[in-house]
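The values are calculated or read from the model by the stated rules, or taken from the named source; none is laboratory data. Bear in mind the structure is a predicted one, so any value in this text is a computation, not a measurement. In this analysis, Cβ positions are derived from the backbone assuming ideal geometry, glycine residues included, and neighbour counts consider all displayed protein chains.
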Amino acid sequence: MADAEVELQQIGLYTITSLLHTGSASHLYTGKHRKKDIAIKVFRTPLLTEKAKEAFLSRAKQLKKLKHRHILDILDFGLTQHFGTSDDYGFLVMQYAAGETLRQRIAPGKHLTAPEVRPLLSPVATALHYAHVSHIIHGNLHPGNLLYDAHNDILVSNFSLPFADNLATLHTGTSAIPYMAPEQLQGHPIPASDQYALAVIVYEWLCGQRPYAATERETLLHQQTHEPLPPPTSLNANISPAVERVLLQALASHPDDRFPHIQAFADNYLRALMGQPLQLEKKQSVSSPKVKLVDNGIPNNNKTKESREDIADKDTLKMVAQQNTSSPSKLTMHEDIEMNNKLEDPAHPTLYCKVCGSANRTNAKYCFSCGQPILNESPLTRS
(Lines give C-alpha, C1' and ligand atoms only; values in the text may rest on other atoms or scores of the structure.)
Protein backbone atom coordinates (compact mmCIF):
# COMPACT_ATOMS: atom_id res chain seq x y z
CA MET A 1 0.00 0.00 0.00
CA ALA A 2 1.34 3.43 -0.94
CA ASP A 3 2.60 5.67 1.90
CA ALA A 4 -0.22 8.15 1.38
CA GLU A 5 -2.70 5.38 1.95
CA VAL A 6 -1.11 3.65 4.94
CA GLU A 7 -3.48 5.26 7.42
CA LEU A 8 -6.53 4.37 5.35
CA GLN A 9 -7.91 1.22 6.92
CA GLN A 10 -11.58 1.31 6.05
CA ILE A 11 -14.10 2.72 3.56
CA GLY A 12 -17.62 2.54 4.88
CA LEU A 13 -17.99 -0.90 6.45
CA TYR A 14 -15.18 -2.44 4.41
CA THR A 15 -11.62 -3.15 5.50
CA ILE A 16 -8.89 -2.10 3.06
CA THR A 17 -6.01 -4.49 2.48
CA SER A 18 -4.08 -2.79 -0.35
CA LEU A 19 -4.08 -0.06 -2.97
CA LEU A 20 -4.35 -1.85 -6.30
CA HIS A 21 -4.36 1.02 -8.76
CA THR A 22 -4.43 4.80 -8.90
CA GLY A 23 -5.66 6.78 -11.86
CA SER A 24 -6.91 10.21 -12.79
CA ALA A 25 -10.53 9.09 -12.37
CA SER A 26 -10.43 6.73 -9.38
CA HIS A 27 -8.47 4.75 -6.82
CA LEU A 28 -8.98 0.97 -6.73
CA TYR A 29 -8.43 -0.94 -3.51
CA THR A 30 -8.62 -4.55 -2.51
CA GLY A 31 -10.36 -5.42 0.71
CA LYS A 32 -12.00 -8.08 2.83
CA HIS A 33 -15.58 -8.51 3.87
CA ARG A 34 -16.74 -11.60 5.72
CA LYS A 35 -13.50 -13.33 4.68
CA LYS A 36 -14.17 -12.69 0.99
CA ASP A 37 -11.94 -10.69 -1.31
CA ILE A 38 -13.58 -7.55 -2.65
CA ALA A 39 -12.61 -4.57 -4.77
CA ILE A 40 -13.46 -1.01 -3.76
CA LYS A 41 -13.35 1.83 -6.26
CA VAL A 42 -13.37 5.40 -4.98
CA PHE A 43 -13.99 8.01 -7.67
CA ARG A 44 -11.90 11.15 -7.63
CA THR A 45 -14.59 13.54 -8.83
CA PRO A 46 -16.22 15.18 -5.79
CA LEU A 47 -20.00 15.23 -5.57
CA LEU A 48 -20.48 18.88 -4.67
CA THR A 49 -24.27 19.19 -4.59
CA GLU A 50 -27.11 17.19 -3.11
CA LYS A 51 -28.45 16.55 -6.62
CA ALA A 52 -25.07 15.19 -7.72
CA LYS A 53 -25.02 12.84 -4.73
CA GLU A 54 -28.56 11.70 -5.45
CA ALA A 55 -27.75 11.09 -9.12
CA PHE A 56 -24.67 8.98 -8.28
CA LEU A 57 -26.49 6.94 -5.64
CA SER A 58 -29.49 6.38 -7.94
CA ARG A 59 -27.30 5.08 -10.78
CA ALA A 60 -25.27 2.91 -8.38
CA LYS A 61 -28.51 1.43 -7.05
CA GLN A 62 -29.56 0.55 -10.61
CA LEU A 63 -26.20 -1.09 -11.31
CA LYS A 64 -26.32 -3.07 -8.08
CA LYS A 65 -29.53 -4.73 -9.31
CA LEU A 66 -27.76 -6.16 -12.37
CA LYS A 67 -27.16 -9.83 -11.59
CA HIS A 68 -25.68 -11.63 -14.56
CA ARG A 69 -22.86 -14.14 -14.79
CA HIS A 70 -21.03 -11.90 -17.29
CA ILE A 71 -21.41 -8.60 -15.42
CA LEU A 72 -19.04 -7.67 -12.60
CA ASP A 73 -21.19 -7.79 -9.50
CA ILE A 74 -21.64 -4.59 -7.49
CA LEU A 75 -22.12 -5.50 -3.84
CA ASP A 76 -22.56 -2.09 -2.25
CA PHE A 77 -22.06 1.63 -2.81
CA GLY A 78 -22.00 4.85 -0.88
CA LEU A 79 -20.29 8.17 -0.18
CA THR A 80 -17.03 8.75 1.65
CA GLN A 81 -14.84 11.70 2.56
CA HIS A 82 -11.54 11.02 0.91
CA PHE A 83 -8.37 12.46 -0.63
CA GLY A 84 -7.76 14.74 2.37
CA THR A 85 -10.82 16.94 1.81
CA SER A 86 -14.22 17.35 3.43
CA ASP A 87 -16.01 16.71 0.11
CA ASP A 88 -18.05 13.59 -0.54
CA TYR A 89 -16.85 11.07 -3.11
CA GLY A 90 -18.75 8.11 -4.48
CA PHE A 91 -17.50 4.56 -4.07
CA LEU A 92 -18.52 1.11 -5.31
CA VAL A 93 -17.86 -2.23 -3.63
CA MET A 94 -17.49 -4.99 -6.22
CA GLN A 95 -16.58 -8.62 -6.61
CA TYR A 96 -12.86 -9.08 -7.03
CA ALA A 97 -11.79 -10.23 -10.50
CA ALA A 98 -8.14 -11.21 -10.48
CA GLY A 99 -7.74 -11.88 -14.20
CA GLU A 100 -6.53 -9.79 -17.10
CA THR A 101 -8.54 -7.40 -19.19
CA LEU A 102 -9.18 -8.16 -22.84
CA ARG A 103 -6.93 -5.19 -23.65
CA GLN A 104 -4.10 -6.93 -21.83
CA ARG A 105 -4.79 -10.35 -23.34
CA ILE A 106 -5.33 -9.15 -26.92
CA ALA A 107 -2.65 -6.59 -27.69
CA PRO A 108 -3.45 -3.74 -30.10
CA GLY A 109 -2.57 -4.74 -33.64
CA LYS A 110 -3.18 -8.44 -33.10
CA HIS A 111 -5.50 -10.16 -35.58
CA LEU A 112 -8.00 -12.78 -34.43
CA THR A 113 -9.85 -15.13 -36.74
CA ALA A 114 -13.62 -14.76 -37.01
CA PRO A 115 -14.23 -18.02 -35.06
CA GLU A 116 -11.85 -16.84 -32.30
CA VAL A 117 -13.93 -13.70 -31.84
CA ARG A 118 -17.23 -15.54 -31.32
CA PRO A 119 -16.62 -16.74 -27.71
CA LEU A 120 -15.55 -13.19 -26.82
CA LEU A 121 -18.47 -11.46 -28.50
CA SER A 122 -21.26 -13.73 -27.25
CA PRO A 123 -20.96 -13.25 -23.46
CA VAL A 124 -20.43 -9.50 -23.77
CA ALA A 125 -23.45 -9.06 -26.05
CA THR A 126 -25.62 -11.20 -23.80
CA ALA A 127 -24.61 -9.24 -20.70
CA LEU A 128 -25.28 -5.90 -22.39
CA HIS A 129 -28.61 -7.12 -23.77
CA TYR A 130 -29.64 -8.01 -20.23
CA ALA A 131 -28.59 -4.54 -19.05
CA HIS A 132 -30.56 -2.92 -21.87
CA VAL A 133 -33.65 -4.92 -20.93
CA SER A 134 -33.20 -3.35 -17.50
CA HIS A 135 -33.04 0.10 -19.15
CA ILE A 136 -29.34 0.51 -18.35
CA ILE A 137 -26.81 1.66 -20.94
CA HIS A 138 -23.15 0.85 -20.42
CA GLY A 139 -21.80 3.94 -22.17
CA ASN A 140 -18.15 3.25 -21.28
CA LEU A 141 -17.32 0.24 -23.40
CA HIS A 142 -13.76 -0.60 -24.45
CA PRO A 143 -11.49 -3.69 -24.14
CA GLY A 144 -10.02 -2.45 -20.86
CA ASN A 145 -13.45 -2.71 -19.22
CA LEU A 146 -13.89 -6.37 -20.19
CA LEU A 147 -12.33 -8.53 -17.50
CA TYR A 148 -11.54 -12.20 -16.93
CA ASP A 149 -12.45 -13.78 -13.62
CA ALA A 150 -10.75 -16.70 -11.89
CA HIS A 151 -12.71 -19.15 -14.07
CA ASN A 152 -11.62 -17.39 -17.28
CA ASP A 153 -15.15 -16.09 -17.86
CA ILE A 154 -15.57 -12.59 -19.29
CA LEU A 155 -17.10 -9.90 -17.06
CA VAL A 156 -18.42 -6.55 -18.29
CA SER A 157 -17.38 -3.82 -15.86
CA ASN A 158 -17.20 -0.06 -15.31
CA PHE A 159 -20.59 1.12 -16.48
CA SER A 160 -20.70 4.90 -16.87
CA LEU A 161 -21.65 6.92 -13.80
CA PRO A 162 -22.94 10.47 -13.21
CA PHE A 163 -20.93 13.02 -11.24
CA ALA A 164 -23.09 16.03 -12.12
CA ASP A 165 -26.58 17.00 -10.97
CA ASN A 166 -28.56 14.53 -13.07
CA LEU A 167 -28.50 11.00 -14.45
CA ALA A 168 -28.56 12.27 -18.03
CA THR A 169 -24.91 13.30 -17.74
CA LEU A 170 -22.90 10.10 -17.47
CA HIS A 171 -19.13 10.24 -17.14
CA THR A 172 -17.08 8.07 -19.48
CA GLY A 173 -13.34 7.54 -19.46
CA THR A 174 -11.11 8.75 -22.26
CA SER A 175 -10.32 5.14 -23.22
CA ALA A 176 -13.94 4.70 -24.34
CA ILE A 177 -13.97 7.66 -26.74
CA PRO A 178 -12.39 5.84 -29.74
CA TYR A 179 -15.21 3.25 -29.56
CA MET A 180 -18.13 5.67 -29.31
CA ALA A 181 -21.00 5.93 -31.77
CA PRO A 182 -21.75 9.28 -33.46
CA GLU A 183 -24.85 9.91 -31.35
CA GLN A 184 -22.93 9.28 -28.12
CA LEU A 185 -20.17 11.65 -29.20
CA GLN A 186 -22.91 14.27 -29.55
CA GLY A 187 -24.08 13.55 -26.00
CA HIS A 188 -27.08 11.32 -26.72
CA PRO A 189 -26.18 7.71 -25.79
CA ILE A 190 -28.82 5.02 -26.34
CA PRO A 191 -28.67 1.20 -26.17
CA ALA A 192 -27.66 1.09 -29.85
CA SER A 193 -24.55 3.08 -28.89
CA ASP A 194 -23.29 0.06 -26.94
CA GLN A 195 -23.89 -2.10 -30.02
CA TYR A 196 -21.75 0.26 -32.09
CA ALA A 197 -18.97 0.27 -29.46
CA LEU A 198 -18.94 -3.52 -29.30
CA ALA A 199 -18.79 -3.66 -33.10
CA VAL A 200 -15.75 -1.36 -33.07
CA ILE A 201 -14.09 -3.75 -30.60
CA VAL A 202 -14.88 -6.73 -32.86
CA TYR A 203 -13.58 -4.78 -35.89
CA GLU A 204 -10.35 -4.12 -33.99
CA TRP A 205 -9.95 -7.80 -33.09
CA LEU A 206 -10.51 -8.90 -36.68
CA CYS A 207 -8.60 -6.15 -38.47
CA GLY A 208 -5.89 -5.20 -36.00
CA GLN A 209 -7.10 -1.59 -35.85
CA ARG A 210 -10.23 0.45 -35.26
CA PRO A 211 -12.19 1.73 -38.27
CA TYR A 212 -11.20 5.31 -37.35
CA ALA A 213 -7.90 6.21 -35.69
CA ALA A 214 -9.02 9.38 -33.88
CA THR A 215 -9.04 9.44 -30.08
CA GLU A 216 -10.58 12.90 -29.55
CA ARG A 217 -14.34 13.44 -29.66
CA GLU A 218 -14.48 16.19 -32.27
CA THR A 219 -11.92 14.56 -34.57
CA LEU A 220 -13.60 11.17 -34.36
CA LEU A 221 -17.04 12.59 -35.08
CA HIS A 222 -15.62 14.41 -38.12
CA GLN A 223 -14.07 11.16 -39.40
CA GLN A 224 -17.29 9.24 -38.86
CA THR A 225 -19.37 11.79 -40.76
CA HIS A 226 -16.91 12.67 -43.54
CA GLU A 227 -14.79 9.58 -44.21
CA PRO A 228 -16.03 6.20 -45.47
CA LEU A 229 -15.59 3.32 -43.05
CA PRO A 230 -12.86 0.99 -44.36
CA PRO A 231 -14.43 -2.40 -45.20
CA PRO A 232 -13.10 -5.10 -42.88
CA THR A 233 -12.06 -7.24 -45.86
CA SER A 234 -9.73 -4.45 -47.01
CA LEU A 235 -7.69 -5.08 -43.85
CA ASN A 236 -8.22 -8.83 -43.45
CA ALA A 237 -8.95 -10.83 -46.60
CA ASN A 238 -9.87 -13.88 -44.51
CA ILE A 239 -13.09 -12.26 -43.28
CA SER A 240 -16.11 -13.73 -45.07
CA PRO A 241 -18.62 -11.49 -46.86
CA ALA A 242 -21.31 -12.60 -44.39
CA VAL A 243 -19.24 -11.64 -41.33
CA GLU A 244 -18.39 -8.33 -42.97
CA ARG A 245 -22.05 -7.64 -43.68
CA VAL A 246 -23.00 -8.27 -40.06
CA LEU A 247 -20.20 -6.09 -38.76
CA LEU A 248 -21.00 -3.21 -41.10
CA GLN A 249 -24.65 -3.20 -40.03
CA ALA A 250 -23.68 -2.99 -36.35
CA LEU A 251 -21.35 -0.12 -37.31
CA ALA A 252 -24.01 1.85 -39.17
CA SER A 253 -23.70 5.59 -38.55
CA HIS A 254 -27.41 5.97 -37.87
CA PRO A 255 -28.64 3.90 -34.90
CA ASP A 256 -31.87 2.94 -36.71
CA ASP A 257 -29.77 1.14 -39.33
CA ARG A 258 -28.13 -1.14 -36.77
CA PHE A 259 -29.58 -4.38 -35.44
CA PRO A 260 -32.77 -4.06 -33.35
CA HIS A 261 -30.78 -5.01 -30.24
CA ILE A 262 -27.26 -6.07 -29.35
CA GLN A 263 -28.13 -9.77 -29.00
CA ALA A 264 -29.25 -9.80 -32.65
CA PHE A 265 -25.76 -8.59 -33.59
CA ALA A 266 -24.12 -11.53 -31.80
CA ASP A 267 -26.68 -14.02 -33.13
CA ASN A 268 -26.16 -12.92 -36.72
CA TYR A 269 -22.39 -13.08 -36.27
CA LEU A 270 -22.82 -16.74 -35.33
CA ARG A 271 -25.12 -17.35 -38.29
CA ALA A 272 -22.48 -15.84 -40.55
CA LEU A 273 -19.87 -18.23 -39.14
CA MET A 274 -22.17 -21.22 -39.59
CA GLY A 275 -23.15 -20.29 -43.14
CA GLN A 276 -26.79 -19.80 -42.19
CA PRO A 277 -29.15 -17.16 -43.60
CA LEU A 278 -28.72 -13.80 -41.88
CA GLN A 279 -31.59 -11.98 -40.20
CA LEU A 280 -30.66 -8.40 -41.01
CA GLU A 281 -33.72 -6.76 -39.53
CA LYS A 282 -32.98 -3.17 -38.65
CA LYS A 283 -33.79 -1.31 -35.48
CA GLN A 284 -36.25 1.04 -37.18
CA SER A 285 -38.47 -1.87 -38.24
CA VAL A 286 -39.20 -2.96 -34.65
CA SER A 287 -40.65 0.20 -33.12
CA SER A 288 -37.39 1.91 -32.33
CA PRO A 289 -37.57 5.27 -30.57
CA LYS A 290 -38.04 8.19 -32.92
CA VAL A 291 -34.84 10.13 -33.49
CA LYS A 292 -34.66 13.60 -34.97
CA LEU A 293 -31.97 14.05 -37.59
CA VAL A 294 -29.77 16.94 -38.49
CA ASP A 295 -28.31 17.47 -41.94
CA ASN A 296 -25.34 15.14 -41.47
CA GLY A 297 -27.52 12.19 -40.46
CA ILE A 298 -26.49 12.21 -36.81
CA PRO A 299 -29.33 11.76 -34.29
CA ASN A 300 -30.33 14.85 -32.37
CA ASN A 301 -31.53 14.96 -28.78
CA ASN A 302 -34.99 13.49 -28.25
CA LYS A 303 -36.60 12.63 -24.94
CA THR A 304 -38.82 9.86 -26.35
CA LYS A 305 -38.36 6.86 -24.08
CA GLU A 306 -37.60 3.44 -25.49
CA SER A 307 -40.29 0.95 -24.57
CA ARG A 308 -39.39 -2.30 -22.89
CA GLU A 309 -40.89 -4.16 -25.85
CA ASP A 310 -38.16 -2.76 -28.10
CA ILE A 311 -35.76 -5.21 -26.52
CA ALA A 312 -37.63 -7.88 -24.58
CA ASP A 313 -40.81 -8.33 -22.63
CA LYS A 314 -41.23 -8.24 -18.87
CA ASP A 315 -41.30 -12.03 -18.55
CA THR A 316 -37.91 -12.27 -20.23
CA LEU A 317 -36.44 -9.75 -17.82
CA LYS A 318 -37.68 -11.72 -14.82
CA MET A 319 -36.43 -14.98 -16.32
CA VAL A 320 -32.95 -13.60 -16.98
CA ALA A 321 -32.67 -12.26 -13.45
CA GLN A 322 -33.79 -15.55 -11.93
CA GLN A 323 -31.54 -17.71 -14.07
CA ASN A 324 -28.44 -15.60 -13.44
CA THR A 325 -28.66 -15.86 -9.67
CA SER A 326 -27.32 -19.40 -9.79
CA SER A 327 -24.88 -20.48 -12.49
CA PRO A 328 -24.61 -24.13 -13.54
CA SER A 329 -21.45 -26.12 -13.07
CA LYS A 330 -18.87 -24.39 -15.25
CA LEU A 331 -17.27 -27.65 -16.43
CA THR A 332 -20.61 -29.10 -17.46
CA MET A 333 -21.67 -25.86 -19.09
CA HIS A 334 -18.47 -25.44 -21.08
CA GLU A 335 -18.52 -29.07 -22.19
CA ASP A 336 -22.06 -28.59 -23.43
CA ILE A 337 -21.22 -25.35 -25.21
CA GLU A 338 -18.11 -26.69 -26.92
CA MET A 339 -19.21 -30.26 -27.64
CA ASN A 340 -22.98 -30.27 -27.99
CA ASN A 341 -24.02 -26.78 -29.02
CA LYS A 342 -22.57 -26.56 -32.51
CA LEU A 343 -25.50 -25.87 -34.78
CA GLU A 344 -26.52 -28.85 -36.86
CA ASP A 345 -27.71 -29.11 -40.42
CA PRO A 346 -30.44 -26.50 -41.11
CA ALA A 347 -32.93 -29.26 -41.88
CA HIS A 348 -32.91 -30.38 -38.24
CA PRO A 349 -35.08 -28.75 -35.57
CA THR A 350 -33.59 -26.22 -33.19
CA LEU A 351 -34.26 -25.03 -29.65
CA TYR A 352 -34.43 -21.29 -29.06
CA CYS A 353 -33.32 -19.96 -25.69
CA LYS A 354 -36.08 -18.00 -23.94
CA VAL A 355 -33.48 -15.92 -22.11
CA CYS A 356 -31.57 -14.46 -25.08
CA GLY A 357 -33.35 -15.93 -28.13
CA SER A 358 -30.30 -17.75 -29.53
CA ALA A 359 -30.65 -20.94 -31.55
CA ASN A 360 -29.32 -24.18 -30.01
CA ARG A 361 -29.21 -27.89 -30.80
CA THR A 362 -32.18 -29.92 -29.66
CA ASN A 363 -30.02 -31.89 -27.19
CA ALA A 364 -28.37 -28.79 -25.68
CA LYS A 365 -28.68 -28.31 -21.94
CA TYR A 366 -27.23 -24.81 -21.86
CA CYS A 367 -27.45 -21.94 -24.31
CA PHE A 368 -24.31 -21.47 -26.40
CA SER A 369 -24.67 -17.68 -26.15
CA CYS A 370 -25.75 -16.77 -22.61
CA GLY A 371 -24.82 -20.00 -20.81
CA GLN A 372 -28.21 -20.34 -19.16
CA PRO A 373 -30.19 -23.60 -19.01
CA ILE A 374 -32.34 -24.12 -22.08
CA LEU A 375 -35.89 -23.29 -20.98
CA ASN A 376 -37.74 -23.88 -24.24
CA GLU A 377 -38.80 -27.52 -24.40
CA SER A 378 -40.47 -27.23 -27.79
CA PRO A 379 -38.13 -27.47 -30.79
CA LEU A 380 -38.72 -24.92 -33.53
CA THR A 381 -37.67 -25.36 -37.12
CA ARG A 382 -35.54 -22.65 -38.62
CA SER A 383 -37.18 -20.51 -41.25
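Some points to look at:
- Restricting the stretch 19-55 to residues that are modelled with pLDDT of 90 or more and over 28 Å from the mean Cα position of the chain (by Cα), the residue that is surrounded by the fewest Cβ atoms within 10 Å (Cβ to Cβ): Glu50
- Subset of the stretch 87-102 that is surrounded by fewer than 16 Cβ atoms within 10 Å (Cβ to Cβ) and among the charged types (D, E, K, R) - its residue that is farthest from the chain's Cα centre (by Cα): Asp87
- Residue check, Leu66 in the same structural domain as His135 (by TED's automatic domain parsing) and closer than 24 Å to His261 by Cα: no
- Within the option set Ala114, Ala55, being in contact with a Pro (Cβ under 8 Å, 6 or more places away or on another chain) and of a type in the set (A, V, I, L, M, F, W, C) holds for one residue only, Ala55.
- Thr17 vs. criteria polar (S, T, N, Q) and touching a residue at least 24 places away in the same chain (Cβ under 8 Å): no
- Scan the stretch 172-181 for residues that are of a type outside the set (Ser, Thr, Tyr) and not in a helix (DSSP H, G or I) and the total you get is 3.
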